[in-house]
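Structure first, commentary second.
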Amino acid sequence: MGFDFNSLLAFIIFGVTIGVVYGIVALGISLIYSGLDIVHFAHGEMYMFGAFFGLVLAHNVGVPYPVALIGAMILTAILGMLVERVFYRRLTRAGGGYTVAGMGMIICGFGMSVALVNAAYFFFGAEAEPFRANLDYIPRLTFPGDINVPESYVLTAIISVLLMAGLHYFLRHTKTGLAVRAVAHNKDIAYLMGINVPLMISLIFGLACGLAAAAGVLIGPMQSVQVEMGYLMLMKAFAAAVVGGFGSLPGAILGGIMVGIFENLGAAYISASHKDIYAFLLLILVLMFRPSGLFGVEAKVKA
Amino acid sequence: MLEIKGVHAGYGNLKILRGIDMQVPSGGIVTLLGGNGTGKSTLLKAISGLIPLMEGEIIFDGVSVSKLKPHERMRLGLVQVTQAKEAYPAMTVEENLVLGAYTRKDREATKADLQKVYDFFPVLRERRKQLSGTLSGGEVQMLVIGRGLMASPKMLMLDEPSAALAPKVVLEIFANINRIAKSGVTVLVVEQNVRMALILAQYGYIIRDGVIMMKGEAKKLISDPAVKESFLGGSVSDTTKALRN
């Protein structure tokens, strides 16, 4: 049996597309980590809620897919800020991730994850729901060698790039973005710059959760939407963030893409039934040989 | 300009400042002196609002600021210059300066002030696209002072501007602080370098164990035997002799 170069290319293309989605969620995890020094363990649930918000908006309310995407991002951002304001703030005020309060924060995140899953069961039910989106206006891409990329994948790639470019612009070229970076580097000095630090932390949470929601709505048409979808996504996004270098935003994206490719190649050439293992295999390899992650430069500057 | 009345403050249950009274008159340079762990930094934090007061009151420009948050105090013109090590190393010089003007809404005046800061510290203009982590110690000190000026302060508080700098650079920095005061900004300098600070300032406070131990005109303090004994530690030639032996 000869080696089929075209199918390898196809696996890589699909790997990149799904990887970019992991990257978007990882971006949110990294944002929160650099802002608060905590790992937000309920982030997978934000992704799940985002997917459900998108589903409800698209199916029950009947708005077009792009509007559902933006709506879901806004709703989830509000949910995230609410959770931060009501539950996390007392703990984050008591100190960052390296204090006793930081430990409490991790447990609080797990608890929030369970609470949100149960809330989702209550509101959305236990069935997996297909996300039928009308994407006829998106062109199907055909690569040489008869590789067909479905509309939902093309859309995912386009929107992900737009989101990343938007986030990059916001962080690098706006005054508020500068303030967010200042808070991420050092909160005490940010206070002395006259920055309203708690407000910026809310904003970080809102942004991160909005990004997770976008990932949820993008994944929706590829897979189905169900309450338990958040857990696996959290783990893979976490792997992506670590592979890329925790706290580094470009690292999160590249880590996500690497996880996506690795996973698809593993599923294709080793065993498809163990698809979800490969992300963690990559994670373990990276932790063994390059614990700071592949692009963990910014994290070092911070310390 | 700034009046501190019977201030008690600290961290959690730990009280560091035990009844501080201090005045900084408009337009002058006042220095607060003391060694490590005497409460200098705590007092600065209390004035800028990073820690709450347990007792007492702080009045700035005729307004009680005791209950205001740090960014609100800053908008009134009460600006703290951070220690030099607290520039943002992963940001460029210009980003650091822009951040200093974060609370300001007057864009045109801010832009003009950025140019003024560059005129004041030409080396910062040369290095404006460089990450501030790549600057020398003296340059970073100029950067944090410039960052303070960007907030258009009525009063500037400096936290150990001479720390970890070569004597020649310290002279340059202190000359700049003098220029800033001449331009009409009230200055409070917190220092360990007692001799330099007393030459620069008109009035001095000496803090120890969270209380003001001594205060007076800088000229008098510098020749006061008690100050000489505990801080100045003999003349320069004595120190040189001691080093050679």
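The values are calculated or read from the model by the stated rules, or taken from the named source; none is laboratory data. Owing to the predicted nature of the structure, the values given are computational and were not obtained by experimental measurement. Positions of Cβ are generated from backbone atoms using ideal geometry, with glycine treated the same way; all protein chains shown enter the neighbour counts.
Of the helices (runs of 4 or more DSSP H) lying entirely inside the stretch A:130-208, those containing at least 3 residues that are more than 14 Å from every other protein chain (Cβ to nearest Cβ), polar (S, T, N, Q) and farther than 30 Å from A:Val86 by Cβ are A:151-173. Hey, any hits in the stretch B:21-30 for a residue that's within 14 Å of another protein chain (Cβ to nearest Cβ) and either over 15 Å from the mean Cα position of the chain (by Cα) or not polar (S, T, N, Q) (or both)? No, because not a single residue in the stretch B:21-30 is within 14 Å of another protein chain (Cβ to nearest Cβ) and either over 15 Å from the mean Cα position of the chain (by Cα) or not polar (S, T, N, Q) (or both).
Within the stretch B:1-17, not a single residue is among the hydroxyl-bearing types (Ser, Thr, Tyr), in contact with a helix residue (DSSP H, G or I) (Cβ under 7 Å, 6 or more places away or on another chain) and within 14 Å of another protein chain (Cβ to nearest Cβ). Across the stretch A:183-194, the qualifying residues are those that are under 17 Å from A:Thr92 (Cα atoms) and hydrophobic (A, V, I, L, M, F, W, C), and the one among them that is surrounded by the most Cβ atoms within 10 Å (Cβ to Cβ) is A:Ala184. Just checking, does the stretch B:32-41 include any residue being within 14 Å of another protein chain (Cβ to nearest Cβ) and either in a helix (DSSP H, G or I) or in contact (Cβ under 8 Å) with a residue 60 or more places away in the chain (or both)? Scanning the stretch B:32-41 turns up at least one residue that is within 14 Å of another protein chain (Cβ to nearest Cβ) and either in a helix (DSSP H, G or I) or in contact (Cβ under 8 Å) with a residue 60 or more places away in the chain (or both).
The single condition from (1) of a type in the set (S, T, N, Q); (2) modelled with pLDDT of 85 or more; (3) over 20 Å from A:Met233 (Cα atoms) that A:Ser160 fails is (3). Look at (1) surrounded by 24 or more Cβ atoms within 10 Å (Cβ to Cβ); (2) more than 19 Å from A:Gly266 (Cβ to Cβ) and you find that A:Phe41 fails only one, number (1).
Which one of these is surrounded by fewer than 17 Cβ atoms within 10 Å (Cβ to Cβ) and within 25 Å of B:Lys111 (Cβ to Cβ): B:Glu94, B:Glu72, B:Glu55?
Step by step, each of B:Glu94, B:Glu72, B:Glu55 is checked, and only B:Glu72 is surrounded by fewer than 17 Cβ atoms within 10 Å (Cβ to Cβ) and within 25 Å of B:Lys111 (Cβ to Cβ).
Checking each residue in the stretch A:143-175 for being over 18 Å from A:Leu211 (Cα atoms) and of a type in the set (Ser, Thr, Tyr) picks out only A:Thr174. Condition first: away from chain A (no Cβ under 11 Å) and touching a Gly at 6+ places or on another chain (Cβ under 8 Å). Now tell me which residues in the stretch B:42-59 satisfy that. Selection gives B:Thr42, B:Met54, B:Glu55, B:Gly56, B:Glu57.
With a requirement of 1 or more residues that are under 26 Å from B:Ser26 (Cβ atoms), the helices (runs of 4 or more DSSP H) lying completely within the stretch B:81-188 that satisfy it span B:93-100, B:107-120, B:137-149, B:167-182. Just to be sure before I move on: is A:Gly247 within 14 Å of another protein chain (Cβ to nearest Cβ) and either in a helix (DSSP H, G or I) or touching a residue at least 24 places away in the same chain (Cβ under 8 Å) (or both) in the structure I sent? Considered against the rule, which asks whether it is within 14 Å of another protein chain (Cβ to nearest Cβ) and either in a helix (DSSP H, G or I) or touching a residue at least 24 places away in the same chain (Cβ under 8 Å) (or both), A:Gly247 comes out as yes. Condition (residue is closer than 22 Å to A:Leu36 by Cα and not in a helix (DSSP H, G or I)) applied to the stretch A:261-272: is it met by at least one residue? The answer is no; no qualifying residue exists. Residues in the stretch B:86-118 that are in contact with a Lys or Arg (Cβ under 8 Å, 6 or more places away or on another chain) and within 14 Å of B:Met142 (Cβ to Cβ): B:Ala87, B:Val93, B:Glu94, B:Asn96, B:Leu97, B:Gly100, B:Tyr118.
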